[in-house]
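Reading through the C-alpha cells given below for one structure.
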Amino acid sequence: MYRQIYEEVSKKWDKVAKPIDGLGKFEKIICKIGAIKGSSDFSLDRKAAVIFCGDNGIVKEGVAQTDSSVTALVCSNIHKGTATSSVMARCAGADCIAVDVGVRDHTKADIVFRQPSETKSFLYDRAMTLQQAKDCVRAGEQVVKKLAESYDILAIGEMGIGNTTTAAACAAAVLDRRASDVTGRGSGLSDEKYIKKIRIIDEALLRHKPDKNIYDILSCTGGYEIGAMAGAFIGAKKYGIPVIADGAVSLSALLLAQLEHCDIADYVIGSHRGREPLCALALERLGLEAVIDGNMALGEGTGAIMLFPLLDMAMAVYNNKTFEELGMESYKR
C-alpha cells in the first residue's frame, strides 16, 4: 500500500500545472507523506510540535553551560507559549505541546509521563534501568497515538540540558564511532569542556559496552526524552501519522528506533542539517535528506517547525489546477 500510494501522489504531481519535478525534494516529501497517510488526497492543516522534556544526570560532570534548572523553566515556557519553539510554532500555525518525561524540578507541561527523577550520570552508572527505557519508549508511542486523532502531522523535538552529550553517546553506540566523530559543542562549550565531553563519552561507552539494541543503549547512556522520541517515531509508523525529525538529539532517537524497525525512516521526514557532527552521519545512515541547511543548533524542535510553512506551500501547489483544467498542454516525463 505504501508504494502504491507514493506512486499515486507522484502521478498527481505530474498533472499539476508546473514543470515536471519543479519542486524537487518537496515533491518527494509530499509523496512520502501521502504514502504514510495512505491516501493521495490529504491535508496538513492541523499541525503540532511535540517537545519531549527530560533531565540528564550527565550534567553533573560539567558538560553543559547551564544547570538542569533550565530544563524545567523552558518546559514551563513551552506550556505557557513563551518559549522559542512556541513563538515559531505560532508563526507556522501549529500548536506546541510540552511533554514532561522526566524533568528534575517542578514544571508545568501539557502531557506528563514522569519518571521519578533525572537520569543518572552515565559516566559511572547506567543512565536508567531497562524497565525505565521501555517505559520511555512506550510513553512516546502513547503520546503519538493520542495526538494522531487530532493532528495531521507532528514535529518531534526535545528540551533537556546536557542532552547533546547523551545524544552523541547514543549515536556513537549505534554508528560504531568514536565520540570525537559525533560530538559537538552543544550550546557553546569552551575547548576545555568540549575535550572533557568527548572523553566522558568514550570512557562511558568503554565501561558499559552496550548491546546494539534500543533498550540497552538507552539504559546505558540515554535520556528519558530521547527514549520518548524514539517511541514517538515508532508510534508514527504504527498509527500512520507523518512526523518531522529535528536535529541532533531527535536524530539520535531516530537511530535508536531504526534498531527496532529497520524501515522507520520511511515514516519520518528530515528537516534540517544541524550544526552537531552527528547530524550528517545520522541522516546518511537513515537515508534521509535535510531540506534546510541553516547551521542551526537550537533544539526544541525548531528546525522541524521551520519545515511546516514550506510544506504548506508545497501542498498549495499540489492542490492547484492541473494542465487539463487550465486548458494547457502538459509537460511529458
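The values are calculated or read from the model by the stated rules, or taken from the named source; none is laboratory data. Because the structure is predicted, anything quoted here is derived from the model rather than measured. In this analysis, Cβ positions are derived from the backbone assuming ideal geometry, glycine residues included, and neighbour counts consider all displayed protein chains.
If you filter the range 183-220 down to residues that are acidic (Asp, Glu) and at pLDDT below 95, you find that the one that is farthest from GLY274 (Cα to Cα) is GLU192. Number of residues in the range 118-165 that are of a type in the set (A, V, I, L, M) and either closer than 18 Å to LYS209 by Cβ or without any contact (Cβ under 8 Å) to a residue 24 or more places away in the chain (or both): the value is 5. Checking GLN131 against (1) touching an Asp or Glu at 6+ places or on another chain (Cβ under 8 Å); (2) surrounded by fewer than 16 Cβ atoms within 10 Å (Cβ to Cβ), which single condition isn't satisfied? For GLN131, the exception is condition (1). For residues that are charged (D, E, K, R) and surrounded by fewer than 17 Cβ atoms within 10 Å (Cβ to Cβ), scanning just the range 29-54, find the one that is farthest from ALA253 (Cα to Cα). Among them, the one singled out is ASP41. Apart from one condition, PHE122 fits all of (1) buried (at least 24 other Cβ atoms within 10 Å of the Cβ); (2) among the aromatic types (Phe, Trp, Tyr); (3) in contact with a strand residue (DSSP E or B) (Cβ under 9 Å, 6 or more places away or on another chain); the exception is (3).
Conditions (1) out of contact with any helix residue (DSSP H, G or I) (no Cβ under 7 Å at 6 or more places or on another chain); (2) over 30 Å from VAL317 (Cα atoms); (3) modelled with pLDDT of 95 or more, marked per residue:
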position	(1), (2), (3)
CYS53	no, yes, yes
SER76	yes, yes, yes
SER86	no, no, yes
ALA89	no, no, yes
LEU123	no, yes, yes
ASP135	yes, yes, yes
ARG138	no, yes, yes
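A quick yes/no check of all residues on (1) of a type in the set (S, T, N, Q); (2) more than 20 Å from the chain's Cα centre (by Cα); (3) assigned to a strand (DSSP E or B):
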residue: VAL59; (1), (2), (3): no, yes, no
residue: ASP67; (1), (2), (3): no, yes, no
residue: VAL70; (1), (2), (3): no, yes, no
residue: LEU73; (1), (2), (3): no, yes, no
residue: SER85; (1), (2), (3): yes, no, no
residue: GLN115; (1), (2), (3): yes, yes, no
residue: GLU118; (1), (2), (3): no, yes, no
residue: ASP125; (1), (2), (3): no, yes, no
residue: ALA139; (1), (2), (3): no, no, no
